[in-house]
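Scroll down for the structure; my scribbles are underneath it.
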Amino acid sequence: MSRIGKLPVAVPAGVEVKIGAENLLTVKGPKGTLERKLSADMHIAMEDGQIVVTRPNDLKKNKALHGLTRTLIYNMIVGVTQGYEKTLEINGVGYRAAKSGKKLTLTLGYSHPVEMEDPEGVETTLDGTNKIIVKGIDKEKVGQFAAEIRTKRPPEPYKGKGIKYSDEHIRRKVGKTGKK
C-alpha cells in the first residue's frame with residue numbers, strides 16, 4: 001500500500017470539493033478555484049469531511065498513480081486556502097528587476113533587457129530590486145514560472161552571479177591560479 005496514497009486528505013472549512021464525471025475534481029476556496037482531471041483509474045470518494053483515494057489493483061502503473069493523485073488533491077486544497085510562493089534572488093553587479101503592470105523586466109548583463117509577462121493565475125512582486133516573489137494558487141504554475149525566470153541567468157559557480165532560489169545553495173568553485 002502506498003504510504004502517501006492511503007492517507008486521507010482533510011477538507012478544511014470554507015473549501016468546497018466537487019468530484020465530477022471521469023474524476024474531474026473542482027476545488028473552490030477563499031483564494032480561488034482550481035480544476036483538474038485526475039486519472040480515471042483511481043477511485044476518489046468523499047467520506048465525512050475527508051477525501052480518500054483508493055486504487056483498483058496492484059499494477060505498477062496504479063501504484064505510481066495512487067500517491068500522485070492524493071498529492072495533487074492535497075496541493076489543490078492547500079493552494080485555494082494558503083496559496084504558494086517562491087522567492088528568487090538576483091545576485092550580480094548591475095543585475096536588477098523592475099515591474100510595470102504585468103510585465104517583469106530583468107536587467108541581467110545582456111545587451112538587452114529580458115521582459116517576461118506574468119502568466120494566468122500567477123503574480124510576481126518585487127522586494128527591492130533584487131528579490132522576486134512569485135505567488136499563485138496552482139503549485140505547478142508557480143514552480144514553472146519561477147523556473148523560467150531562473151533560466152534567464154542561472155547562477156554560476158565562481159562568483160555566484162545570476163538568479164537563484166532564496167533557499168538554494170550554490171556550490172562555489174575555486175578560480176584559476178597563476179603559475180609560480
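Cα centroid distance between region 129-152 and region 76-115, in Å? After rounding, the separation between the Cα centres reads 7 Å. The HN-Hα couplings worked out from phi for region 158-164 by the Karplus form 6.51 cos²θ - 1.76 cosθ + 1.60 (θ = phi - 60°) are 8, 10, x, 6, x, 9, 9 Hz, whole numbers, x standing for Gly and Pro.
For region 42-107, a simple Cβ point-charge model (Lys and Arg +1, Asp and Glu -1, everything else neutral) yields a dipole of about 420 debye relative to the Cα centre.
Each helix, a run of at least 4 DSSP H residues, gives -39500 (n - 2.57); summed and divided by the residues of the chain, these come to -6500 deg cm²/dmol at 222 nm. Each Cα pair of region 1-46 feeds into the Kirkwood radius, which the Stokes-Einstein equation turns, at 20 °C and 1.002 mPa s, into a diffusion coefficient of 181 µm²/s.
Across the protein chains, with a 1.4 Å probe defining accessible surface, the residues 139, 103 rank 139, 103 from largest area downward.
Going toward the positive end of the dipole of region 40-180, with +1 on Lys and Arg Cβ and -1 on Asp and Glu Cβ, which of 71, 57, 128 do you reach last? In region 40-180, that residue is 128.
The residues of the chain have, on average, 62 Å² of accessible surface per residue, using a 1.4 Å probe with all protein chains present. Apolar share of the accessible surface for the chain: 50 percent from carbon plus sulfur atoms, 1.4 Å probe. Cross-link pairs exceeding 31 Å between alpha carbons, from the set 63/139; 60/86; 37/161; 61/173; 28/152: 60/86; 37/161; 61/173; 28/152.
Extension gain for residue 99 to residue 85 (0.36 nm times residue separation, less C-alpha to C-alpha distance): 3.3 nm. Across the chain, the relative contact order, built from alpha-carbon pairs under 8 Å that are at least six residues apart, equals 18 percent. Note on region 79-156: Rg/Rh from Cα positions, Kirkwood definition for Rh, rounded to two decimals, is 0.96. Residue 17 contributes an accessible area of around 30 Å² to the protein surface, as traced by a 1.4 Å probe with all chains present.
With the cut-off at 1.5 for a/c, could you classify the chain from its C-alpha gyration tensor as rounded, prolate or oblate? Judged from the Cα gyration tensor, the chain comes out prolate (a/c at least 1.5, a/b above b/c).
The values are calculated or read from the model by the stated rules, or taken from the named source; none is laboratory data. Keep in mind the model is a prediction, meaning the values are calculated, not measured. Glycine also receives a Cβ, built like all others from the backbone with ideal geometry; neighbour counts cover every protein chain displayed. With ligands, DNA and RNA removed, areas are computed over all heavy atoms of the protein, side chains included. Shrake-Rupley method; radii C 1.70, N 1.55, O 1.52, S 1.80 Å.
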